1. Find the percent of Cα-Cα distances in the stretch 1-157 that exceed 23 Å, and round it to a whole number.
2. Rounded to the nearest 0.05, what FRET efficiency is calculated for T446 and K422 with R0 set to 22 Å and r the Cβ-Cβ distance?
3. Just to verify a number: what accessible area does L94 come out at with the full protein assembly present, 1.4 Å probe, Å² rounded to tens?
4. Count the lysine pairs in the stretch 329-448 whose Cα atoms sit under 28 Å apart, keeping only pairs 8 or more residues apart in sequence or on different chains.
5. Listed highest first by mean packing, meaning other Cβ atoms within 10 Å per residue, what order do 134-141, 289-296 come in?
6. What residues of the stretch 123-153 lie in the reach of a label at D327, counting those whose backbone N is under 20 Å from a point 7 Å from the Cα along Cα→Cβ?
7. Rolling a 1.4 angstrom probe over the protein heavy atoms, how many square angstrom per residue are accessible across the chain?
8. Taking all protein chains as present, what is the carbon and sulfur share of the accessible area of the stretch 396-448, in % to the nearest whole number, probe 1.4 Å?
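The values are calculated or read from the model by the stated rules, or taken from the named source; none is laboratory data. The structure presented is a predicted model; accordingly, all values stated were derived computationally and were not measured. Note that each Cβ is placed from the backbone with ideal geometry, even for glycine, and that neighbours are counted across all protein chains shown. These area figures cover heavy atoms from the full protein model, side chains too; ligands, DNA and RNA do not enter into them. Shrake-Rupley method; radii C 1.70, N 1.55, O 1.52, S 1.80 Å.
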Amino acid sequence: MSYDYDLFVIGGGSGGIAAARRATEYGAKVGLAEFDRLGGTCVNRGCIPKKLMVYASHFSHWLEDAPDYGWSVGDTSFDWQKLTKAVNGEVDRLNGVYQRMLDKANVSLYEGYAQFVDTHTLDIDGEKITADKILIAVGGIPEKANIPGIEHAIVSDDMFTLPTQPKRFVVLGGGYIGVEFACILNALGSQVTQIIRRPYILRGFDHDIREHLQGTLTDQGLQVLDETEIASIEKTQDGLKLATKGNHEETITADTVLAATGRIPRLEKLGLDKAGVEVKNGAIAVNDYSCTTVPNIFAVGDCTDRINLTPVAIQEGRAVADTEFGDKNRIMSHENVPAAVFTSPEAATVGFSEAEARKQYGEDAIKIYRARFGSTYFSLTQRKEKVMLKLVVDQNSDRVLGAHMVGEAAGEIMQGLAIPIKMGATKADFDATVAIHPSVAEEFVTMR
Ligand code: NDP
């Protein structure tokens, strides 16, 4: 039976575009449907615009420190509209880059919403197309908690189009998104309150990262209400009135409340039942090859809810294309995936946390190497901040199971460390590596 396409991709985000382009390299005829702007969450309302805002927030620290390094800084001010306009301009530019990438790869773009008709047929706004293989890469959407008045809260998508900078900013949630935006707004001068239902931010991260980062951000003036939840939100003339419950029972007035309580796969209206694709716990169920319960239908990225990070979606997508069109039998490894939280300072991690390692290898098998110190940069500044570096080592094999850091450029440093850790490096390998001095990361090869 012949089809219109060898591969049809639903969703023009990181995973979908990577898979589409890779498949064309093997000679596949590929189509792709996207009803929104190309680039998905990462480009349009996630990693990229967020990182640009993070850069904007760095200047407040540098301006504060500048006199300690001999600079005289005159009056300074920050213009929210100017920043968001520039950020959105860059997003527009990137949309064009993605369009050109698809054109160059000869991927046919359908600007519309694709829905399954059967296992090989899709309906895109009334047009029927058929494909031998179909890849679902539709990503996720923010999910709001069920709280009276939550409709008054915005989600992270809205952060980039806020017309003015909120003076009083409340963040609900202690995950990546909540922590990053709390930190950005705090540095840009808003009064920020972050409400978390746990004792510490960033559940799932190594405890030392959670504690150290939370302490550092609190020292920067960010107010964290731990073990607290929002009971209700009410719109008043003075702003949004929040009643909190738990550890801190207060009434807080805010200009903007950001609900950063997680994201869920965007599966609504896809018609997965028409193709018989199984959904488990709200996400598309897939095997190691990202194949769904239907042999010719695959799914990658956030809609599968494995590790919801852009580079993971990209690798998953390329692995599908390599296996299905390049005869390569590739499985994407979800072990030792590095991650960074773009706070200031950054937090970054790869491999096992101390708690996970002790659980997996036994309480006594694990040796921890930890360093906390003020870096050379802060030796001249009034503002003091400490970095935290940590290695989790299996004493039996001497293998480094995990590395964790809070400090400037932690994300950049962790990208480098992820390679030896993925390769199975031992603590002796780390010790045999010569340090770069003076640097912060040198502690990773000198800790005893
Ligand atoms: P997360 O799942 O990381 O965090 C959600 C937070 O909201 C948690 O603190 C959670 O608490 C809390 N929460 C959930 N439900 C409720 C509730 N009903 N009431 C109060 N608090 C609640 O989601 P995010 O939205 O922060 O991020 C989504 C995903 O996006 C991340 O998992 C990550 O993969 C990705 N991302 C990655 C970034 C990066 O790589 N730098 C940046 C931004 C996003 P609890 O811990 O108790 O469940």
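1. Result: 53 percent of Cα pairs exceed 23 Å.
2. Efficiency at R0 = 22 Å is approximately 0.50.
3. 30 Å²
4. 12
5. With the highest mean Cβ count within 10 Å placed first, the list reads 134-141, 289-296.
6. The answer is 133.
7. On a per-residue basis, the chain sits at 47 Å².
8. Heavy-atom surface of the stretch 396-448 belonging to carbon and sulfur, 1.4 Å probe: 57 percent.
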